[in-house]
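Below: one structure, written as structure tokens.
The values are calculated or read from the model by the stated rules, or taken from the named source; none is laboratory data. For clarity, every value in this text was computed on a predicted model and none was experimentally measured. Backbone-built Cβ (ideal geometry, glycine too); neighbour counts: all protein chains shown. Accessible surface areas use protein heavy atoms only, side chains included; no ligands, DNA or RNA. Shrake-Rupley method; radii C 1.70, N 1.55, O 1.52, S 1.80 Å.
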Amino acid sequence: GGGGGHGRVSAALVYDGEELAVDVAAVFSDGVIPNSPAAKLEPRPGMEMNAINFADQTRLYSHHPVFSKMPVQPLQVNRAYITEFTGLMIPAIYDCGPELIEGGSPTKSGLPGNYYSSVPSRWVDCNNLQSYVRSGQKWFFPSYPIIDEEYIEFASVMEVALQARVKLTVVEIGARWGTWGYRAIAASKAYNPSVLVYDVLFVEPELESCDAVREVASVNDWTLPTVNVTLLCSKANAQQVLEWVATRDFIDIFDIDCQGCEYQLFPTIIDALNAKVKRLVIGLHSQDSNVNRMLLQSLHGWTVVHSSDVLPCFTALGCQHILLENHKWDVQSQIQKKCGQCTEFSHPSLGPIINWDGELILDNPKFLDTPTFSDE
């Protein structure tokens, strides 16, 4: 009954023929429903944080510990948007294509680069949204990301976003819809109340993607003075980047994934990175491991958090496309049968990871004052 939610109420619950006493006040304390926005959400002691590895579904893995600091809450379904567990809203058309919005099945993403067909976590989000819409479901419980090519970057960006104090500053070169800059902002807004101001530079040459960067900020109602977004709609230019960096004292995350331009940029911007950047995330696009090794050597003294090479089997076999064909249920069998060598990179705790690009994640020893993500 409606008694205001105060005091203690007992109830009887019959389960499998046995009557159990239930202390309702322990479940609904002060009228607050657990997992509601009004509740203080903390993970239960000993609670397992299980993760699904898309490339090895014979077992469950453990999530990176950062996600235990990010409890989820029910979110509303909106057919036009992918809503991530942080509350970040992204127009579904960017990763799922227009078909989902029009009531059909997702087939490919609406921005350059078909992420729907090539990144399992995007594929899962699109198909989950479709199931909510078709079933008439108005609310859903969001999930943490599945383990795929983006997972390690996701966890490492979340980690730094939760460590930031007062101001969070991010650079993302090769932004698409603003993936990592906006994910960092959303995580910090939802789980790190010590951050009051957000400052981000996006560099993106595709005009369609530039429009997407603007739209995601608008959809999430991120404006000045709290969120300052600088958008350069052009190919990465070292001078422009250095001019922006020169006006900032400190950069929490510098993320660069620009389809090969990293090799040209780094000799020019390395001094600025050494002076101001806490965490560096680099997408690698050369299959020549010597080229990637030279880039790493230019970051002498930085702590390697994670490292993976571009695996040559992807060009030869198109492994991702094999795995992500419609209705390809037996993922593990397909890996073993058609692209077994693609799982040469196996993370010690996360299992095999199938990646298009290589990746380096590094921490600047100048700012290495807190525990961080590690491949160890």
**OP:** Compare Asp271, Asp309 by solvent-accessible area with a 1.4 Å probe and give them largest first, with all protein chains kept in place.
**Re:** Asp271, Asp309
Original post:
Could you give the length gained on full extension between Leu196 and Ser349, defined as 0.36 nm per residue of separation minus the Cα-Cα distance, in nm?
Top reply: 51.7 nm
**OP:** Show the residues, 5+ positions off or on another chain, whose built amide H is closer than 5 Å to the amide H of Ser62.
**Re:** Ala51
Subject >> Label-point separation, Leu368 to Arg214 (7 Å along Cα→Cβ), nm >> reply: 4.2 nm
**OP:** Using θ = phi - 60° and the Karplus relation 6.51 cos²θ - 1.76 cosθ + 1.60, list the HN-Hα couplings for region 79-96 in order, rounded to whole Hz, with x at every Gly or Pro.
**Re:** 4, 8, 9, 7, 10, 7, 4, 6, x, 4, 9, 10, x, 4, 4, 5, 10, 10
Original post:
How would you classify region 169-243 from its alpha-carbon gyration tensor, with a ≥ b ≥ c the square roots of the eigenvalues: rounded for a/c under 1.5, else prolate if a/b is greater than b/c, otherwise oblate?
Top reply: prolate
Subject >> Contour excess over end-to-end distance, with Cα ends at His300 and Lys235 and 0.36 nm allotted per residue >> reply: 20.7 nm
Original post:
With labels modelled as points extended 7 Å from the Cα through the Cβ direction, what inter-label distance (nm, one decimal) is found for Gln57 paired with Ala275?
Top reply: 5.0 nm
**OP:** First measure r as the distance between the Cβ atoms of Gln264 and Leu207, then evaluate 1/(1 + (r/R0)^6) with R0 = 30 Å and state the FRET efficiency to the nearest 0.05.
**Re:** 0.85
